[in-house]
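Enquirer: Sending over a structure as structure tokens; questions will come in a sec.
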Amino acid sequence: MMGGWSVFVTCCVWAILLLALFGDSLASAPEFDPYKVLGVSRHDSQAEIKKAYKRLAREWHPDKNKSPGAQDMFIKITKSYEVLSNEERRANYDRFGQMDENQNFARGPQGFRHYQDSFYFDESFFHFPRTSHDFTDSKHHLHYNQYISEVLPDSFKRPYLIKITSEWCFTCIHIEPVWKDTVLELEPFGVGIGVVDIGYERQLANHLGAHRTPSILGLINGKVTFFHYAVVREHLRQFVESLLPQKLVEKVTDNSYLGFLNSWHEENKPRVLMFDVASNIPFLYKLTAFAYKDYVRFGYVDMGLTETSKVVQRFSINTYAPTMLLFKENTDKPADVMQARGMKKQIIDEFVSNNRFLLVPRLVNQKLFDELCPVKQFHRRRKYCVLLVTGEGEQFVSVNEAFFDFASSNTKEVLRFAYVYQRQQQPLCDTLLKKEDITPPQVILLERRSATGRVLYRTVTGGWNGSDDDKHRLHEQLEILQRDPSHLTHDAMLPELNNEFASMFLIHWINTAYDYLAQFYFDLLYSNWREMMPVLSLIFSALFILFGTVIIQAFSDAGEDKPAKQKATDPPKTAESSPGQESTSSRPPKKNFVEVTELTDITYMSNLVRLKPGHINVVLILTDASKQVLLRKFAKEVYSFSGSQTLHYSFLNVDKHSQWMDSLMESAPDARPSDCLDEEEDSTSNKSDYTGHVLALNGHKKYFCIFRPVFTGEEVECSRWSDEDAAMAGPSKASRSRSSSRQKATTLEIHHKLDRLGLWMERLMEGTLPRHYVPAWPGLDTITPQK
């Protein structure tokens, strides 16, 4: 008996091995060819495949096609599109002829799977996972591109519950019944469902932060939240409900319903009151409120409370069935009513969507303007916007109410009424009113022609005061416009509207920060370290950058303060230093030295002739004997001005270029004092001494300012006068100076020649020095050096 069982087991093992090795040859061909089902070729693009799928899906949908094989054909069409719309699965089918998305392991797993299907090696035997064969799960499979382009934007309108699974996940089998029941319960409410196979959608799994199976997560407003509790249907429902924002639906009582209804003007939204006998707000109501949170404000009235009896009686609500009242501008009477015992999502969506705008809404942002006044696309879909440009003061209240009364009696689909405050939307109002130079209140008829802002418009003549004549005139204009679209005679490009609720950005930012902190605490509580790593990395990186910046700034400040302190402690070199030495510039020096270059035939062009516009080269004239003394004094005097980016410093040796100064003075005769000119006529043999002179040369505009050395406390030689001294001195003083200058020439020490250079530099920076213009700069390369 034992020998027979051994032979049977051995045969079974060999059969399994043979099927595993030769599975490709033993595997049966696929049930159908997806290309033939959709009627496309292997070379067709994704757009063509999608077009064929939509056409066949509408034709064979079981709700529209009642033939016996419609349901099976619809399943084949759906499966074919799932295979061909995924590039990876399509390539797998083209290569191996397999439609199963889990056949990426090529030949080995293929043969084993077909053996499993044909030899009852499935859930009835070893309970292997078969999620890929479950059509309910397959229609919820998510791919990375689909998630980015469809699911992520849709998460701002409804929450998503996503399951992370894999092919050989045995633990996933135990949660499968609970998952299916949860999907059947939540999907009719409008909750999005998704399934991600971590084996074949690794990129999407990493993007979601899921690294193990099974995992369940929620997605809302683009934010991912992981589920950490026991997988029970009630827990999953509570998890999805907890994803929704707080205070999404306001609880209304007898004391608060008037304030709730009358606040439509501030938020520019209709109000919906939901009446039901339940202490907790129904889940379906919360989902509807989240889907239309940008358009409608929702409130909930618990009819089982005594605090709500007045509001129930006020609107005559039937307490035996849930009721929804929608209010617009008129808070005494609802604009629309819906009452049903079993409210379905489709009915509620249609009810709210048809009433998501006020009768005469205020244009508060560009998004609302685009939806109220869409761009013209077809002749039959013309939409004309009747816009009232008005103000916010008390004098405009009656005007606005008259416009609302007119709109209430002209509820045509082709007309959209709206108003705008001029102060809030100044650019828009200026564009529409500037051609005719009129002031609000005004009514403007317009039609949008392009998404970039181009409109055709016409201003109703006579303005708008709300009188019967104004209403009659506006009614005639609208009748003409509906018959003849060319009635709009003006063309304009409208600017983008200001977002009047942008001031609430800080509140949104605080709420977002609170959500992230709460999520951080939640992850810390459950030790979800893998998901916390990006946040921790960001925090530590920010702290490291901040700490490094502070340290670098501290060392940088210490290095910059050191030269300044040394400069402050330097004692004056002479007792006769003038106050000009203490002058400072508005820009502090960047270096602890002054860079002074020599003017030679090589540097002459770049430092003078081709100097940038607005730049000035300050040139010191010296000799070989006075070079060291004058350069030291010159650097000390101009150091406080070295922080300027437009000043450059050079020196010219007259021993090498003796004729350059004479040529410059001959080009600008007004630069030489008149008494010096007379002296040169008397004694031409006496050569001028330019040692200690300083020139401020503007190479671009061809002018210069000159500083002549002055010996403090004594009379100066005429050739050593500065421009300001020459301007202030009279003829008598000049003659006396000429008679005594030769006697005191020897007493002028070299290092005192630049005593008043600091004051001269201050006047140079102020632009108050006399300017001497030259027709051209004398060339330095043509001058014969002095021997």
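The values are calculated or read from the model by the stated rules, or taken from the named source; none is laboratory data. Just so it is clear, the model here is predicted, and its values are computed rather than measured. FYI the Cβ positions are ideal-geometry reconstructions off the backbone, even for glycines, and counts take in every protein chain you see. All accessible areas refer to the heavy atoms of the entire protein, side chains included, with ligands and DNA or RNA removed. Shrake-Rupley method; radii C 1.70, N 1.55, O 1.52, S 1.80 Å.
Enquirer: I need the full set of residues from region 152-187 which are surrounded by fewer than 17 Cβ atoms within 10 Å (Cβ to Cβ) and in contact (Cβ under 8 Å) with a residue 60 or more places away in the chain, in order please.
Expert: Passing the criteria: Leu152, Phe156, Lys157.
Enquirer: Could you say which residue among Glu234, Glu241 is free of Cβ contacts under 8 Å to residues at least 12 places away in the same chain and assigned to a helix (DSSP H, G or I)?
Expert: Glu234
Enquirer: Just to verify a result, which residue in region 441-450, among those that are within 9 Å of Val389 (Cα to Cα) and among the aliphatic types (A, V, I, L, M), is surrounded by the most Cβ atoms within 10 Å (Cβ to Cβ)?
Expert: Val443
Enquirer: Which ones in region 597-628 are surrounded by fewer than 17 Cβ atoms within 10 Å (Cβ to Cβ) and among the β-branched types (Val, Ile, Thr)?
Expert: Thr597, Thr600, Ile602, Thr603, Val609
Enquirer: Still on this structure, I have one more. Give me the strands (runs of 3 or more DSSP E) completely within region 291-365, filtered to those with at least 1 residues that are buried (at least 20 other Cβ atoms within 10 Å of the Cβ) and small (Gly, Ala, Ser), ordered by residue number.
Expert: 297-302
Enquirer: Of the residues Tyr115, Tyr120, Tyr147, which single one is of a type outside the set (A, V, I, L, M, F, W, C), at pLDDT below 90 and assigned to a helix (DSSP H, G or I)?
Expert: Tyr115
Enquirer: Next up: Does Gly453 fit the bill of being under 13 Å from Ala492 (Cα atoms), open to solvent by less than 40 Å² (accessible area, probe 1.4 Å) and not β-branched (Val, Ile, Thr)?
Expert: yes
Enquirer: Has region 207-219 got any residue that is closer than 20 Å to Ala291 by Cα, part of a helix (DSSP H, G or I) and in contact (Cβ under 8 Å) with a residue 24 or more places away in the chain?
Expert: No: region 207-219 contains no residue that is closer than 20 Å to Ala291 by Cα, part of a helix (DSSP H, G or I) and in contact (Cβ under 8 Å) with a residue 24 or more places away in the chain.
Enquirer: Could you list, in sequence order, the residues of region 461-503 that are touching an Asp or Glu at 6+ places or on another chain (Cβ under 9 Å), open to solvent by 50 Å² or more (accessible area, probe 1.4 Å) and in a helix (DSSP H, G or I)?
Expert: Lys471
Enquirer: Here is a further query. Hey, any hits in region 420-440 for a residue that's among the polar types (S, T, N, Q), part of a strand (DSSP E or B) and open to solvent by less than 30 Å² (accessible area, probe 1.4 Å)?
Expert: no
Enquirer: Here is a further query. Could you list, ordered by first residue, the pairs with Cβ atoms under 6 Å in which the first is in region 66-78 and open to solvent by 50 Å² or more (accessible area, probe 1.4 Å) and the second is not in a helix (DSSP H, G or I), at least 6 apart or interchain?
Expert: That search, which allows pairs on different chains as well, returns Gln71/Pro62; Lys76/Phe32.
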